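See structure below.
The values are calculated or read from the model by the stated rules, or taken from the named source; none is laboratory data. These figures come from a predicted structure and were not determined experimentally. Cβ coordinates were reconstructed from backbone atoms using ideal geometry, including for glycine residues, and neighbour counts include every protein chain displayed. Note: areas computed on protein heavy atoms with side chains; ligands, DNA, RNA excluded. Shrake-Rupley method; radii C 1.70, N 1.55, O 1.52, S 1.80 Å.
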Amino acid sequence: MEMEKTGSPVFNSKITFYVVACWILAAFGGLMFGYDIGISGGVTAFDDFLIKFFPKVHEKKLHAKEDNYCKYDDQLLQLFTSSLYLAALVSSFGASKACTKLGRKPTILIASAFFLAGAIVSAAAQAKWMLIVGRILFGVGVGFGNESVPVFLSEIAPVQHRGAVNILFQLFVTIGILIANLVNYGTSKIHPHGWRLSLGLAGIPALILLLGSLVISETPTSLAERGKEQKGKAALKKIRGVDNVDAEYQQILMACEEAKQVKHPFKKLMKRESRPPLIIGILMQVFQQFTGINAIMFYAPVLFQTVGFKNDASLLSSVITGLVNVGSTFVSIYAVDKLGRRKLLLQACVQMFICQVAIGSILHVHLKATGSTLSKGLAAVVVVLVCMYVMSFAWSWGPLGWLIPSETFPVETRTAGFAFAVSTNMLFTFLIAQAFLSMLCHMKAFIFFFFSAWIFVMGLFVVFLLPETKGVPIDVMNERVWKQHPVWRKFMD
Ligand code: BGC
């Protein structure tokens, strides 16, 4: 058996057509999530949509006072975008139970069913309540999908490619955002029902995921965890494409044996020895959102209009940032298992910090609350800086925010712990979605300094508290990572 540089065994595996199909199909869960991130900001700017459901907001929009930073500050409008994340927050705990008791595969199936229902109800909405029900159904879909897909991907990936495989989730998130931006660009010209198309098209990835979830394999860990040991071994053979999987399966069985001693994973999660992965999982998500990324993802067209672009130019600029987001995620897929997690995160902190400070400074000096917007040249510089910022997020905190919490918990607390990570992500996504436009209105250019201060703190966090998990088999994380770390080992027995 080969050994990784970290001293971990590399088990036999082939990359078969079947396993690649499993990865891609499951990753469609990311596409659903991304599509929703990208679609709602645009839809809330459609006049047809506002006139039908939020006539007061539309009225206000027409008579908005001309303050560069405050044009779009409206709680109700922000609530349409953000409410989904509240539903996802609550449902991720139910999803964790489903993941443990039913398995990862049925949980993915449930996610797609909710998402499909959400797409149908939203596209057909005649009244505000239907719109809200649609948002809740979407949200439950996101909660179940974001809980099950990253764990599924981490568990079926061979250890030496785990980072890259897991990042497929994020890659599909970014593709979903880009598709949504393009769809909105097209449907904004279809009156009066373009918004129905935007919301309803979410059904396509949901349908693919639904069919895919019937084909993919359950993870060997989940089968073993539920006492189906023979099936688990057969699944591992099929996934790895080789017959001799004994050593790897032995490791999985041992981890599951330990896990079976734990009857109440949530209680166990509150114990001292579970703190290290729990704190890391939660902080990764808080920090991921405090990079400020969703200020850009939700509101890029608004932001670009704020600095002075016209409607079409700002939509185009958002498509460009969307492309940069997708492209840079490939860098991460390539680098994560070679350079490791920490180097990517640290490099990105430096790049994001510089970009945010530069954007803040340009806006502070050149964009006053009233009066003219930026010159063409400066506005272009802002777009370039936003692209460089998105680029570094896309190869670091974006994918690793999901990867690290999915690979650091031992199996007995994995789905419960990951549920905390997912719900924290949803909570902070909700807060940013709900608050950004108001913060922009009140803090003006200082909002960018606010995010850069967080990025500075994140850098310190990586240096002092984040262990490297590259190449460590997922089921021996406790021994190899937490018990060796100068700070976290104090929490372990
Ligand atoms: C984050 C999202 C974000 C997206 C951008 C994801 O990892 O969780 O909140 O919008 O990356 O690509």
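Consider SER396 against the criteria (1) away from the ligand (no atom under 16 Å from the Cβ); (2) in contact (Cβ under 8 Å) with a residue 60 or more places away in the chain; (3) open to solvent by less than 50 Å² (accessible area, probe 1.4 Å): it satisfies all of them except one. Which criterion is unmet?
SER396 satisfies every listed condition except (1).
Taking region 424-443, which residues are away from the ligand (no atom under 11 Å from the Cβ), touching a residue at least 60 places away in the same chain (Cβ under 8 Å) and either open to solvent by less than 10 Å² (accessible area, probe 1.4 Å) or of a type outside the set (Ser, Thr, Tyr) (or both)?
Answer for region 424-443, where residues must be away from the ligand (no atom under 11 Å from the Cβ), touching a residue at least 60 places away in the same chain (Cβ under 8 Å) and either open to solvent by less than 10 Å² (accessible area, probe 1.4 Å) or of a type outside the set (Ser, Thr, Tyr) (or both): LEU427, LEU431, GLN434, ALA435, PHE436, LEU437, LEU440, CYS441.
Which residues, counting only those in region 277-286, are out of contact with any Phe, Trp or Tyr (no Cβ under 7 Å at 6 or more places or on another chain) and either within 11 Å of the ligand (Cβ to nearest atom) or within 18 Å of LEU79 (Cα to Cα) (or both)?
MET284
When you go through ALA247, ALA300, ALA234 one by one, which is the residue that is farther than 24 Å from ALA419 by Cα, in a helix (DSSP H, G or I) and within 22 Å of the chain's Cα centre (by Cα)?
Exactly one of ALA247, ALA300, ALA234 is farther than 24 Å from ALA419 by Cα, in a helix (DSSP H, G or I) and within 22 Å of the chain's Cα centre (by Cα), namely ALA300.
May I ask you to list the residues in region 236-260 that are of a type outside the set (A, V, I, L, M, F, W, C) and within 19 Å of LYS97 (Cβ to Cβ)?
Within region 236-260, LYS260 is the sole residue that qualifies.
Can you tell me which residue is nearest to the ligand (Cβ to nearest atom) among those in region 298-337 that are among the aromatic types (Phe, Trp, Tyr) and under 16 Å from PHE169 (Cα atoms)?
Across region 298-337, the extreme among qualifying residues is PHE330.
Given the conditions (1) under 25 Å from PHE420 (Cα atoms); (2) within 14 Å of the ligand (Cβ to nearest atom); (3) open to solvent by 30 Å² or more (accessible area, probe 1.4 Å), and given that ARG342 satisfies all but one, which numbered condition is not satisfied?
Tallying (1) under 25 Å from PHE420 (Cα atoms); (2) within 14 Å of the ligand (Cβ to nearest atom); (3) open to solvent by 30 Å² or more (accessible area, probe 1.4 Å), ARG342 fails exactly one: (2).
So, in region 173-184, of the ones that are modelled with pLDDT of 95 or more and open to solvent by 40 Å² or more (accessible area, probe 1.4 Å), which residue ends up farthest from the ligand (Cβ to nearest atom)?
Restricting to residues being modelled with pLDDT of 95 or more and open to solvent by 40 Å² or more (accessible area, probe 1.4 Å), the top hit is ILE179.
Looking only at residues that are open to solvent by 10 Å² or more (accessible area, probe 1.4 Å) and assigned to a helix (DSSP H, G or I) in region 185-201, which one is farthest from the ligand (Cβ to nearest atom)?
Per the stated criteria, the residue is ARG196.
Provide a single number: the residues in region 466-481 that are open to solvent by 20 Å² or more (accessible area, probe 1.4 Å) and more than 18 Å from THR415 (Cα to Cα).
Count: 4.
Would you tally the residues in region 399-414 being more than 13 Å from the ligand (Cβ to nearest atom) and either open to solvent by less than 10 Å² (accessible area, probe 1.4 Å) or on the phi > 0 side of the Ramachandran plot (or both)?
Residues flagged as more than 13 Å from the ligand (Cβ to nearest atom) and either open to solvent by less than 10 Å² (accessible area, probe 1.4 Å) or on the phi > 0 side of the Ramachandran plot (or both) within region 399-414 amount to 6.
Which residues, taken from region 217-231, are open to solvent by less than 10 Å² (accessible area, probe 1.4 Å) and not in a loop (DSSP other than H, G, I, E, B)?
PRO220, THR221, SER222, ALA224
What's the number of the condition GLY360 fails, among (1) surrounded by fewer than 23 Cβ atoms within 10 Å (Cβ to Cβ); (2) within 14 Å of the ligand (Cβ to nearest atom); (3) under 28 Å from CYS441 (Cα atoms)?
Going through (1) surrounded by fewer than 23 Cβ atoms within 10 Å (Cβ to Cβ); (2) within 14 Å of the ligand (Cβ to nearest atom); (3) under 28 Å from CYS441 (Cα atoms) one by one, GLY360 breaks only (2).
Could we say that VAL133 is in a helix (DSSP H, G or I), buried (at least 24 other Cβ atoms within 10 Å of the Cβ) and among the β-branched types (Val, Ile, Thr) here?
no
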